Amino acid sequence: MLDGRQQERFERQGEMLANRVKKRFKHLHKRFAREDIDVFRLYDGDIPEIRAAVDWYAGHLVVAEYVRRQSVPEWLPIMGAAVARGLAVPADKVHLKNRQTGKQDGKRYERLARTDQKIAVKERDFTFQVNLNDYVDTGLFSDHRNTRQMVRDMAAGRDFLNLYCYTGTFSCYAARGGARTTVSVDRSRTALDWARQNMGLNAIPEEGHPLVQSGTLAYLEDARAAGRTFDLAVVDPPSYSSDRAGNRDFDIARDHPRLLAAVLQVMRPGGTLIFSTNHQGFELRLEGFAFSQAAEITARTIPEDYRCKHKTIHRCWRLEI
Ligand SMILES: C[S@@+](CC[C@H](N)C(=O)[O-])C[C@H]1O[C@@H](n2cnc3c(N)ncnc32)[C@H](O)[C@@H]1O
């Protein structure tokens with residue numbers, strides 16, 4: 001229970017946050033509406049006392065706490081209510097989340113609730129399903145919307161591999177960009193069912209665009225053995241991943257050279273690999289690799305609404321083979 005003084009302090013902070021978010025919304029929403037972009041970030045923890053992110057999802061607000069916790073803290077509903085008042089969003093469209101950060105990835109994709117409610121949102125000429133209640137992540141990483149566009153622009157006539165494909169959004173862009181084929185790989189059945197829905201919504205046929213349920217390294221080994229090759233790939237792994245027994249078997253900081261080496265086994269000469277991570281403090285190690293070009297493209301892939309002083313939401317590289 002909050003005492004009177006705490007309540008008052010949080011109410012004051014809520015007003016501060018609401019003012020900040022209102023200004024930001026005014027600045028961003030017309031431009032994004034023109035581009036048919038329904039999902040964008042309104043606030044990203046830049047007031048030190050308010051460690052939360054606020055995202056706009058087509059008239060809904062997702063208010064997520066940064067700090068690692070088992071449950072929503074008492075101050076988060078006060079922030080949610082203040083922002084909702086500021087933007088005239090009804091209470092049933094405010095979604096509060098405790099965001100499990102740090103080395104908690106075993107838990108990251110666990111369910112928070114079971115509403116199974118999805119809504120459709122637009123991103124340019126695509127429609128994607130998002131679930132604003134049930135998981136830490138909603139199904140759409142909108143910090144990569146410009147990276148997706150880049151992939152679309154590079155995809156014509158290429159065979160595209162989407163590793164850790166999650167809900168298949170990169171594959172939708174590649175297919176729409178004229179990729180000859182796409183292969184989307186994820187070990188999660190839930191993610192692949194969602195990806196199938198997204199591909200259906202965007203009229204991408206199943207033929208030529210398979211969804212493969214597999215661990216990444218196992219898929220790469222099978223593809224190599226079968227002589228399957230690609231000339232465009234997106235590799236956007238989680239920072240950590242654990243096997244079925246809960247043992248951490250992948251740590252991006254330690255294991256990315258091994259992962260990239262395995263991806264290279266299925267890439268054709270002249271191919272392009274887009275590699276991304278949101279692991280903070282990541283150092284890319286490319287010793288021993290013979291890429292014809294390797295360039296960090298983060299400055300181009302982070303959209304305006306995700307640019308903030310205190311952190312870099314993701315980092316991204318373009319590696320030419
Ligand atoms: C960071 S997300 C990938 C985001 C995706 N690239 C996008 O832009 O939407 C993590 C995904 O990786 C999948 N994943 C985690 N470990 C995996 C593994 N070892 N092999 C295959 N998929 C894995 C999870 O199921 C989840 O869907």
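The values are calculated or read from the model by the stated rules, or taken from the named source; none is laboratory data. These numbers were taken from a predicted model, which means no experiment stands behind them. With ideal geometry, Cβ positions are generated from the backbone for all residues, glycine too; neighbour counts draw on all protein chains shown.
Please work out which residue is surrounded by the fewest Cβ atoms within 10 Å (Cβ to Cβ), limiting yourself to region 217-245 and to residues that are at pLDDT below 95 and hydroxyl-bearing (Ser, Thr, Tyr).
Filtering region 217-245 for residues that are at pLDDT below 95 and hydroxyl-bearing (Ser, Thr, Tyr), the one surrounded by the fewest Cβ atoms within 10 Å (Cβ to Cβ) comes out as Ser242.
Keeping to region 201-229, report how many residues are closer than 27 Å to Gly270 by Cα and in contact (Cβ under 8 Å) with a residue 24 or more places away in the chain.
17
Need the failing condition index for Tyr164 against (1) touching a residue at least 60 places away in the same chain (Cβ under 8 Å); (2) within 13 Å of the ligand (Cβ to nearest atom); (3) farther than 11 Å from Val234 by Cα, just the number.
Status for Tyr164: all satisfied but (3).
Give Thr277, Thr298, Thr312, Thr229 a once-over and let me know the one that is at negative phi, β-branched (Val, Ile, Thr) and out of contact with any helix residue (DSSP H, G or I) (no Cβ under 9 Å at 6 or more places or on another chain).
Unique residue meeting the criteria: Thr298.
Of the residues in region 197-229, how many are away from the ligand (no atom under 15 Å from the Cβ) and among the polar types (S, T, N, Q)?
The number of residues fulfilling the criteria is 1.
Applying the selection to region 277-321, what residues are more than 21 Å from Tyr164 (Cα to Cα) and in contact (Cβ under 8 Å) with a residue 60 or more places away in the chain?
Hits for region 277-321 are Arg300, Pro303, Glu304, Asp305, Tyr306, Cys308, Lys309, His310, Lys311.
Filter region 174-189 down to the residues that are more than 10 Å from the ligand (Cβ to nearest atom) and in contact with a Ser or Thr (Cβ under 9 Å, 6 or more places away or on another chain) and list them by number.
Across region 174-189, the qualifying residues are Ala174, Ala175, Ala179, Thr182, Val183.
Does any residue in region 230-254 that is within 10 Å of the ligand (Cβ to nearest atom) come within less than 6 Å, Cβ to Cβ, of a residue that is outside any strand (DSSP E or B) and hydrophobic (A, V, I, L, M, F, W, C) six or more places away or on a different chain, and which pairs are these?
If the second residue must be outside any strand (DSSP E or B) and hydrophobic (A, V, I, L, M, F, W, C), the pairs left are Val234/Phe170; Val235/Val263; Pro237/Ile252; Ser239/Ile252.
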